1. Is any residue of region 47-69 close enough, with backbone N under 19 Å, to a label point placed 7 angstrom from the Cα of residue 128 along the Cα-Cβ axis, and if so, which?
2. Show me 77-88, 115-126 ranked by packing, highest mean number of other Cβ atoms within 10 Å first.
3. Give me the distance in nm between label points sitting 7 Å out from Cα along the Cα-to-Cβ direction at residue 119 and residue 100, one decimal.
4. On a 0 to 90° scale, report how tilted helix 55-66 is relative to the longest principal axis of the chain, with both axes built from alpha carbons and the result rounded to the nearest 10.
5. Considering only lysines 8 or more places apart in sequence, or on different chains, count the pairs in the chain whose C-alpha atoms sit under 19 Å apart.
6. Report the gain in length on full extension from residue 46 to residue 85: 0.36 nm times residue separation, minus Cα-Cα distance, nm rounded to one decimal.
7. How do 20, 58, 138 rank when sorted from fewest to most other Cβ atoms within 10 Å of their own Cβ?
Amino acid sequence: MKFYEFEVGMVIHHPPVKITQAEMLEFAQKYDPQFFHVDEERAKQSHWNGIIGSGWLTCAKVMRMAVDAALHDSESFGSPGLESLRWLLPVRPGDEIRLEAVVTAKRVSSSRDDLGILRWIWNVYNQDNQQVLEIDATSMFDLKQT
C-alpha cells in the first residue's frame, strides 16, 4: 500500500499463519534458548506447562505479515521504534496467528514535507480469537517516491 492509501481507522488483515514446533525450536535454539522454548520436558514442569514460542519469533512472524499485507510495495523505509509491545498470551506449537492492524494516526512531518508518519496498532490473535500480541508501531514513509 502507498502512504496515501492508509486511512485513520482502517483495519488491515493478514490471514492466519500456522506456527510449527519445529520452527519454534529452530528459532529459539538460535536466538532465545531459554528452557521453556527449547526443552520440552522441563517446559512441561514449568509455569507454562509445555513449550511456548519465543515472543521474538511471534514478532518476526507478525512483521512478515505486516509486510505482506501492507508494506511490500509502499514507500516505507523504517521505524523510529515502538510505543509499546505486549505479549499477552504464549504462542504454542500448532497455533495459527493472524494480524489485524488498526491505523491510529497518519500525518506528514511538520519539519519535512517528504516524510510520512503512520501510527498503527498490530493486534495478533490465535485460532481461538485470543489476543496474543499487541504492538503500537510507527512507520516512516519516503514521500519523494510517490
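We did not get these values from a lab; they are worked out from the coordinates using the rules stated. Keep in mind that what you see is a predicted model, and the values were worked out from it rather than measured. Cβ: placed from backbone, ideal geometry, glycine included. Neighbour counts: every protein chain shown.
1. Label zone hits: 47-55, 58.
2. Order by mean packing, descending: 115-126, 77-88.
3. 2.0
4. 40
5. 5
6. Net length gain for the segment: 11.6 nm.
7. 20, 138, 58
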